[in-house]
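Please read the structure below before turning to the comments.
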Amino acid sequence: MLTKINQLFKSTFARVAALAVVGVWFLILPDTVYTVLKWVIVAALLAAAIPGLITGLKQRHATGNGGWELTRGVTLLIAAVLVAALLKPVISMLPALIGIMVILFGINKVSSAKKDQRFINVSPLPQIIYGIVVIIAGAVLLFNPFHAVLVLFQVTGALMLVMAVMEVVTAIRAKRN
């Protein structure tokens, strides 16, 4: 499955479409992003807990000892409850994490701009400017003057849209060369 996803995202069109769709969603409906994220994580934890609970309870009924499966199932169940209750404070740390990732992406764009230059008459300046803008946006997210996760989701959505546009520009420039 992971191989198919990697093959899908090697396609520029798929990357651009995914960035654009998620970017528009983050930009227009940031309150739903939090809710969906919260319940997807809770559902994944519950889905991971159920097999362990079933196996552990069967084993406990047969042998009198639930073993690691029951412990794993109960732990995942507790984790699901904690995520449902404490996700808001954890998400408040998201600006710093996303900011660091965006800064690293921008540094990568700036550092690879000259290396990606294939012809002498093609300036790496647009890539450098783009990288600097992304670094500045990452710094703003890192220090988060907005104090609101919803605004963070909107900023992230706008960045995703900019990244999608830049992917298209890069693909067009690569095809011309």
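What's the number of the only condition in (1) part of a helix (DSSP H, G or I); (2) in contact (Cβ under 8 Å) with a residue 24 or more places away in the chain; (3) not hydroxyl-bearing (Ser, Thr, Tyr) that Val90 fails to meet?
Only one criterion in (1) part of a helix (DSSP H, G or I); (2) in contact (Cβ under 8 Å) with a residue 24 or more places away in the chain; (3) not hydroxyl-bearing (Ser, Thr, Tyr) is unmet by Val90, namely (2).
Within region 94-105, is even one residue more than 30 Å from Val134 (Cα to Cα) and either in contact with a Pro (Cβ under 9 Å, 6 or more places away or on another chain) or not acidic (Asp, Glu) (or both)?
Quick first cut of region 94-105, residues more than 30 Å from Val134 (Cα to Cα) only: none.
For region 94-105, residues more than 30 Å from Val134 (Cα to Cα) and either in contact with a Pro (Cβ under 9 Å, 6 or more places away or on another chain) or not acidic (Asp, Glu) (or both): absent.
What pairs can you find where one residue is in region 11-27 and farther than 12 Å from Val165 by Cα, the other is assigned to a helix (DSSP H, G or I) and among the hydrophobic types (A, V, I, L, M, F, W, C), and their Cβ atoms are less than 6 Å apart, with a gap of 6+ or different chains?
Listed pairs, sorted by first residue: Ala14/Leu8; Val22/Met160; Phe26/Val33; Phe26/Phe153; Leu27/Ala158.
Could you please find all residues in region 39-68 being among the aliphatic types (A, V, I, L, M) and under 28 Å from the mean Cα position of the chain (by Cα)? Steps first, answer last, please.
Of the residues in region 39-68, the ones among the aliphatic types (A, V, I, L, M) are 40-50, 53-54, 57, 62.
Once the filter is applied, which keeps residues that are among the aliphatic types (A, V, I, L, M) and under 28 Å from the mean Cα position of the chain (by Cα), region 39-68 yields Val40, Ile41, Val42, Ala43, Ala44, Leu45, Leu46, Ala47, Ala48, Ala49, Ile50.
Residue-by-condition table, conditions (1) on the phi > 0 side of the Ramachandran plot; (2) at pLDDT 90 or above; (3) not aromatic (Phe, Trp, Tyr):
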{"site": "Pro89", "(1), (2), (3)": "no, no, yes"}
{"site": "Phe105", "(1), (2), (3)": "no, yes, no"}
{"site": "Lys109", "(1), (2), (3)": "no, no, yes"}
{"site": "Lys115", "(1), (2), (3)": "no, no, yes"}
{"site": "Ile129", "(1), (2), (3)": "no, yes, yes"}
{"site": "Val133", "(1), (2), (3)": "no, yes, yes"}
{"site": "Ala137", "(1), (2), (3)": "no, no, yes"}
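One line per residue, one yes/no per condition, for (1) assigned to a loop (DSSP other than H, G, I, E, B); (2) among the polar types (S, T, N, Q); (3) within 30 Å of Gly52 (Cβ to Cβ); (4) in contact with a Gly (Cβ under 6 Å, 6 or more places away or on another chain):
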{"site": "Leu76", "(1), (2), (3), (4)": "no, no, yes, no"}
{"site": "Ala79", "(1), (2), (3), (4)": "no, no, yes, no"}
{"site": "Leu97", "(1), (2), (3), (4)": "no, no, yes, no"}
{"site": "Lys109", "(1), (2), (3), (4)": "no, no, no, yes"}
{"site": "Ser112", "(1), (2), (3), (4)": "no, yes, no, no"}
{"site": "Ile129", "(1), (2), (3), (4)": "no, no, no, no"}
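Looking at Ala62, Ala18, Ala48, which is the one that is under 17 Å from Gly157 (Cα atoms) and of a type in the set (Gly, Ala, Ser)?
On the way: Ala62 fails: under 17 Å from Gly157 (Cα atoms); Ala48 fails: under 17 Å from Gly157 (Cα atoms).
Just one listed residue meets the conditions, Ala18.
Filter region 100-137 for residues that are within 19 Å of Val155 (Cα to Cα), surrounded by fewer than 15 Cβ atoms within 10 Å (Cβ to Cβ) and not β-branched (Val, Ile, Thr); which is nearest to the chain's Cα centre (by Cα)?
Out of the qualifying residues, it is Met101.
Only one of Leu159, Leu141, Leu97, Leu150 is under 21 Å from the mean Cα position of the chain (by Cα), under 24 Å from Leu37 (Cα atoms), in contact (Cβ under 8 Å) with a residue 40 or more places away in the chain and surrounded by fewer than 17 Cβ atoms within 10 Å (Cβ to Cβ). Can you tell me which? Write out each step before concluding.
Values: Leu159 fails: surrounded by fewer than 17 Cβ atoms within 10 Å (Cβ to Cβ); Leu141 fails: surrounded by fewer than 17 Cβ atoms within 10 Å (Cβ to Cβ); Leu97 fails: in contact (Cβ under 8 Å) with a residue 40 or more places away in the chain.
Only one candidate passes the filter, namely Leu150.
The values are calculated or read from the model by the stated rules, or taken from the named source; none is laboratory data. Everything numeric in this text was worked out from a predicted model, so none of it was measured. A quick note on method: Cβ atoms are made from the backbone with ideal geometry, for glycine too, and the neighbour counts reach across all protein chains shown.
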